[in-house]
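Student: This is the structure, below, for whatever I ask next.
The values are calculated or read from the model by the stated rules, or taken from the named source; none is laboratory data. Everything numeric in this text was worked out from a predicted model, so none of it was measured. Ideal geometry is used to build each Cβ from the backbone, glycine not excepted, and the neighbour counts take in all protein chains shown. Just so you know, the surface numbers come from the protein's heavy atoms only, side chains and all, with ligands and any DNA or RNA stripped out. Shrake-Rupley method; radii C 1.70, N 1.55, O 1.52, S 1.80 Å.
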Amino acid sequence: MGKYGAVGVLGLAGLAALNPGLSWAYIAAFAAFELWLARRMALAARGPVPAEEAPYHFTAEEAAFVGRYRFYFAFPAIAREAASVLAALGLTALVLAPWLTFRHAFVQAALIGLNLFVVARFTKQLAPLMALRVAASKGDRAALLMLELHDPLWAKIRAANEAASG
């Protein structure tokens, strides 16, 4: 995937827009990416996060927060790159689905449009801050607590990682 995954998605989307027959390559690419991502996320979510144990000494609330968004905290670089690919998938789907419908490629348009639900679910797991901010603005106290914990939690994780490596 690397840094150029989003560029690849944009390129495939451009080809799919020019030739609806090539939209199957776009669909195969997002299906392969999402299957890979689902597998990576499932492997990262093994067991509960321990509270009050070395090296991080998470409180119960922090442990629950890390457990809910395990992949985001365990693999921040991969989560950031995958979120960028998901953003490209979401934006191109918003353009491709109506365009392919106009070009009478109904099956491809439906698959691409339905994929927006999958993209939304993955995005909430890989980049939770926006969803938490929206929920907190609507009065969700749990989301507000998680937002309050976020920055100090990252500081605690960085400090424990630096102490362990240095």
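Student: Using the structure shown, decide if Glu81 is touching a Gly at 6+ places or on another chain (Cβ under 7 Å) and not basic (Lys, Arg). Lay out the reasoning, then the answer.
Tutor: Values: touching a Gly at 6+ places or on another chain (Cβ under 7 Å): yes; not basic (Lys, Arg): yes.
Yes.
Student: Could I ask something else about it? Out of segment 12-49, which residues are among the polar types (S, T, N, Q) and open to solvent by 20 Å² or more (accessible area, probe 1.4 Å)?
Tutor: Asn19
Student: Hey, does segment 55-78 have a residue that's touching a Gly at 6+ places or on another chain (Cβ under 7 Å) and not in a helix (DSSP H, G or I)?
Tutor: no
Student: Starting from residues that are surrounded by 14 or more Cβ atoms within 10 Å (Cβ to Cβ) and among the small types (Gly, Ala, Ser), keep the ones in segment 109-141 and report whichever is nearest to Phe75 (Cα to Cα).
Tutor: Checking each candidate, the answer is Ala127.
Student: For segment 50-72: of the residues being aromatic (Phe, Trp, Tyr) and more than 19 Å from Val119 (Cα to Cα), which is surrounded by the most Cβ atoms within 10 Å (Cβ to Cβ)?
Tutor: The initial filter retains those residues of segment 50-72 that are aromatic (Phe, Trp, Tyr), namely 56, 58, 65, 69, 71-72.
Okay, now just the ones that are also more than 19 Å from Val119 (Cα to Cα), so 56, 58, 65.
Working: Tyr56: 21, Phe58: 21, Phe65: 24.
Taking the candidates together, the pick is Phe65.
Student: Separate question: Would you check which residues across segment 146-155 are of a type outside the set (Phe, Trp, Tyr), within 15 Å of Ala64 (Cα to Cα) and open to solvent by less than 70 Å² (accessible area, probe 1.4 Å) and list them?
Tutor: Once the filter is applied, which keeps residues that are of a type outside the set (Phe, Trp, Tyr), within 15 Å of Ala64 (Cα to Cα) and open to solvent by less than 70 Å² (accessible area, probe 1.4 Å), segment 146-155 yields Met146, Leu147, Leu149, His150, Leu153.
Student: Go through (1) under 25 Å from Ile157 (Cβ atoms); (2) of a type in the set (A, V, I, L, M); (3) more than 17 Å from the chain's Cα centre (by Cα); (4) open to solvent by 40 Å² or more (accessible area, probe 1.4 Å) one by one and return the number of the condition Ala77 breaks.
Tutor: Every condition holds for Ala77 apart from (3).
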